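Some notes on the structure that comes next.
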Amino acid sequence: MGFCELSDDEWVVIKPLLPPRFRVGRPRADDRRIINGIVYVFTMGCRWMDMPLEYGSYKTAWRRLKRWQGYGKGVSVY
């Protein structure tokens, strides 16, 4: 199974499911780019630190995944 980035149609479905951006503070890294990085790691079975830089920081992708996993469950990662 090879890796394939999110299509525009897939992104239209996923985007409304994401938590809202904070109104204050540092702007969040691009959600679509980060999700493509997360999908890359899961699909390719590589370590987070082997995620290509074109998908942003692997640390950001990992933290975002952990935060999103707890979103809506009353779980605070930070």
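Bear in mind these aren't lab numbers, they're just calculated from the coordinates by the rules spelled out. Since the model is a prediction, treat every value here as computed from it, not as a measurement. Here the Cβ positions follow ideal geometry from the backbone for every residue, glycine too, while neighbour counts run over all protein chains shown.
What FRET efficiency would be calculated for the residue pair Leu53, Arg23, taking the C-beta separation as r and a Förster radius of 35 Å, to the nearest 0.05?
That gives a FRET efficiency of 0.75.
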Self-check item: Descending principal axes extents, the stretch 1-42, alpha-carbon based, whole Å
Solution: 40, 20, 13
Practice problem: Give the angle, between 0 and 90 degrees and rounded to the nearest 10, that separates the Cα long axis of helix 31-44 from the longest principal axis of the Cα atoms of the chain. | Solution: 40 degrees
Quiz item: Which values of log₁₀ I(q)/I(0), to two decimal places, follow from the Debye formula for the chain at q = 0.14, 0.16, 0.17 Å⁻¹ with a uniform point scatterer at every Cα?
Solution: -0.49, -0.64, -0.72
